[in-house]
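Structure record follows, encoded as structure tokens.
Just so it is clear, none of the values below were taken in a lab; they were calculated from the coordinates. None of these values were measured; they are calculated from a predicted model. Don't worry about glycine lacking a Cβ; one is built from the backbone with ideal geometry, like all the others, and counts go over all protein chains shown.
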Amino acid sequence: MKPSAPVGVFDSGLGGLTVLAALARRMPEESLVYFGDTARVPYGSKSPEAIARFSAQAARFLAGRGIKLLVVACNTSSALALPAIRRAARVPVIGVIEPGARAAAAAGRRRVGVIGTEATVRSGAYARALRRLGATATAAACPLFVPLVEEGWWSGPVAAAVARRYLAPLKKARVDALILGCTHYPYLKREIARAMGPRVALVDSAEETARAAEAALSRAGLRAPAGRRGRREFWASDAPERFRRLGRRMLGGVVDAVRLHRLDA
Ligand code: DGL
């Protein structure tokens, strides 16, 4: 494995661009290959079996692009499919759950709230990771957040009302940190912060995962040479033009060309 090989980033759709952006900010010299399974998004309402099967197919595709590390940006896949992804990828794999849980617990917070898709919350993966770190978890699924972000409704009265409604039980539980356990949620940070109040620290798994990826590459002696700018490559399993349009809204000009790669159902 060469240090100049790219890092793979996988998500069920385009929300994982938040993780790609965090990786690019932290390690601009690394080349990044992103795959979004836009043909089958959302994963958050699918069965564990389907999530594991789809995720493994995506991992196999990225492994074929010669990656040196795979970052699973999707919280739902990280919660339910890491063993299947590891078998398929045959390179080191980093999910978003452990880094997010560690960051919440490291801030000395003991009562941690977690928000994510239905599948992520049902899996209990964040709750288990937090328990191992001595913290307790109160979790809530927020399924309407994903379409709100994709529509570009990142703030305003609709986003505020939805946030207040979903987050009320977490406020009542008096959590002192809240993990944004879904790729899309960082875009709603303002409304989430308003609904939770200033006492609650928001934990963005994307930043923590980028930190973990950097540490893993350094440990393995696989950091790309400094001083160059890495390549960015984008793939989607359906509607690459829509990916490009929404991707540009989320990340700006970084998302230029998006190529199509279909995965078998
Ligand atoms: N990428 C998913 C996650 O982070 C959100 C979208 C979906 O349900 O597929 O959980």
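Label region 216-265 by shape, choosing from rounded, prolate and oblate, from the square roots a ≥ b ≥ c of the eigenvalues of the Cα gyration tensor; if a/c is under 1.5 it is rounded, and otherwise prolate applies when a/b is larger than b/c, oblate when it is not. Oblate is the answer for region 216-265, as a/c is 1.5 or above yet b/c matches or exceeds a/b. Rounded, prolate or oblate: which fits region 62-142 when a ≥ b ≥ c are the square roots of the eigenvalues of the alpha-carbon gyration tensor, with rounded for a/c under 1.5 and prolate only if a/b beats b/c? Prolate shape, in that a/c is at least 1.5 and a/b is the bigger ratio.
The amide H of PHE234, built 1.01 Å from its N in the peptide plane, has TYR34, ARG259 as neighbours under 5 Å, considering only residues 5 or more places off or on other chains. With contributions of -39500 (n - 2.57) from each DSSP H run of at least four residues, the per-residue ellipticity at 222 nm computed over the chain stands at -13500 deg cm²/dmol. The charge dipole of region 147-265, taken about the Cα centre with unit charges on the Cβ atoms of Lys, Arg (+1) and Asp, Glu (-1), comes to about 280 debye, rounded to the nearest 20. Modelled label positions at ASP264 and ARG245, each set 7 Å beyond Cα in the direction of Cβ, lie 3.2 nm from each other. Placing +1 on each Lys and Arg Cβ and -1 on each Asp and Glu Cβ, with no other charges, gives the chain a dipole about its Cα centre of roughly 540 debye. Expressed in units of 2.2 N^0.38 Å, where N is the residue count, the Cα radius of gyration of the chain is 0.95.
Straight-line cross-link reach from LYS172 at under 24 Å between alpha-carbon atoms covers these lysines, not counting any fewer than eight positions away in the same chain: LYS189.
If you sort the three axes of the alpha carbon gyration tensor as a ≥ b ≥ c, you get a/c of 1.5 or more for region 119-254 and a/b no higher than b/c, which makes it oblate. Sorting 2-8, 227-233 by their mean Cβ neighbour count within 10 Å, with the most densely packed peptide first, gives 2-8, 227-233. When the Kirkwood hydrodynamic radius is evaluated over all pairs of different C-alpha atoms of region 163-229, what value in angstrom, to one decimal, is obtained? Computed over region 163-229, the radius equals 14.1 Å. Annotation: extensible slack from LEU133 through VAL158 equals 5.4 nm (criterion: 0.36 nm per residue apart, minus Cα-Cα distance).
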